[in-house]
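Here's the structure, in structure tokens; my notes come after.
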Amino acid sequence: MSKKIFSGVQPTGNLHLGNYLGAIKNFVELNNNDANQCIFCVVDLHAITVKQDPKELKKNIRETVATFVASGIDPNKSIIFNQSGVAAHSEGAWILSCVARMGWLNRMTQFKEKAGKDKEKASIGLYSYPVLMAADILLYDATHVPVGDDQKQHLELCRDIAQKFNNDFDVEDFLKAPEPLIQKEFSRIMSLKDGSNKMSKSELSDLSRINLTDDKDQIINKIKKAKTDPLPMPKDIKELEGRLEAQNLLGIFASLSNSTLESSIEKFAGKNFSDFKQELSKLLVNKIMPISEEIKKLLKDQSYLDSILLDGVEKANKIASKKIKKIKEIVGF
Ligand code: AQP
């Protein structure tokens, strides 16, 4: 069946292994299937929900495009564009924010995590972020949205918003409720320093993540310093229980080598962490270095990266402007 794919990545710098294994690797597979229509968005409107340095933001937008292309997304097959280039996203978000309910947004765990203790000081944008995300997806009638496990709740909200809009305005199936595409295993990669926290761009310690632009020595050093526990490598799944850091590192190994957790456990059963870490570093260097080198090469050609975005904005605008026109008519404007 042909799928209409939409997904986004925030240009907030430090794209990492979690973004790659949780989302971008999946984007590439979807891009490679000719039956799919794929749209991959650099969600710069989402990025400004927390303070950004304008110069850094511009640089990070290009770096996100370079990462998409370096990872294997073909800009001639998939639409790659930046969100702020298509006005329908902001317009759609406003209209849908009048459909979404406060009670629904109050349940969103990502806001609670990102706002932290002092939520009074968080931006309104950070709170209403999932409504903008719903507009992003619904404007393109996306059938499937590939995301990491952390975005599951936002997608459920998107489905609720679509359904309420259709009910409120008596337009059955006008906004299409999308399906999440979340990998069954390894859909949440955790910090190298704390197995209970997700690997994240905004984490202060660079040692907590493998960046997609890291070089060989950085990768080896980060894996060497990654937190483990004093026990030897587990012999079976049961021995892995409650050992968050070991689970994460073995999960990364399994995901990168396209194998199962069970077979990765078997491979290193009873060995020392240092032996396993050496193998993991080798695998990471093999997989990440070609992407990292390609990103660096692409970043030298800014006009090429800008031309990808310009072309993508034009194509995305054609689709989104038609949908927002209909939305406005339905609402009564
Ligand atoms: N640790 C992760 N494991 C698996 N998937 C992940 N994703 C992010 N972190 C992990 C997935 O990557 C896609 C793009 O994410 P994003 O850049 O839009 O925002 P995010 O989820 O907020 O990512 P970060 O790294 O945590 O950024 P900051 O620190 O800026 O908030 C999404 O599909 C996401 O699920």
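Each value in this text was obtained by applying a stated rule to the coordinates, not by laboratory testing. A quick note: this is a predicted structure, and the numbers were derived from the prediction, not measured. Counting neighbours? That spans all protein chains shown, and the Cβs are built from the backbone with ideal geometry, glycine included.
Numerical summary
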quantity: Alpha-carbon centroid distance for the pair segment 94-145 / segment 307-330, whole angstrom; calculated: 21
quantity: Equivalent ellipsoid semi-axes, segment 242-333, via Cα gyration tensor eigenvalues times 5, rooted, Å; calculated: 45, 23, 9
quantity: Among beta bridges that DSSP assigns inside the chain, antiparallel share in %, nearest 5; calculated: 10
quantity: Theoretical FRET efficiency, 1/(1+(r/R0)^6), r = Cβ-Cβ of residue 293 and residue 170, R0 51 Å, to 0.05; calculated: 0.40
quantity: Paramagnetic reach from residue 259 in segment 172-190 [backbone N under 17 Å; point 7 Å along Cα→Cβ]; calculated: 186
quantity: Ordering of 32-41, 66-75 by burial proxy (mean other Cβ atoms within 10 Å per residue, highest first); calculated: 66-75, 32-41
quantity: Kirkwood-Stokes translational diffusion coefficient of the chain, alpha-carbon pairs, 20 °C, 1.002 mPa s, µm²/s; calculated: 103
quantity: Pairwise label distance in nanometres, residue 278 with residue 120, each label 7 Å out on the Cα-Cβ vector; calculated: 5.6
quantity: Nearby lysines by direct alpha-carbon distance to residue 224 (threshold 16 angstrom, same-chain neighbours under 8 apart not counted); calculated: 193, 216, 271, 277, 282
quantity: Separation between Cα centres of segment 270-286 and segment 63-82, rounded to whole Å; calculated: 30
quantity: Subset of 25/201; 198/267; 225/300 violating a 23 Å alpha-carbon distance limit; calculated: 198/267; 225/300
quantity: Alpha-carbon centroids, segment 236-269 and segment 18-50: separation in whole Å; calculated: 26
quantity: Cut-off 14 Å between beta-carbons: net charge of the residues surrounding residue 288, Lys and Arg +1, Asp and Glu -1; calculated: +2
quantity: Residue order, fewest to most beta carbons within 10 Å, for 127, 304; calculated: 304, 127
quantity: Residue-count net charge about residue 156 - beta-carbon cut-off 14 Å; Lys, Arg +1, Asp, Glu -1; calculated: +1
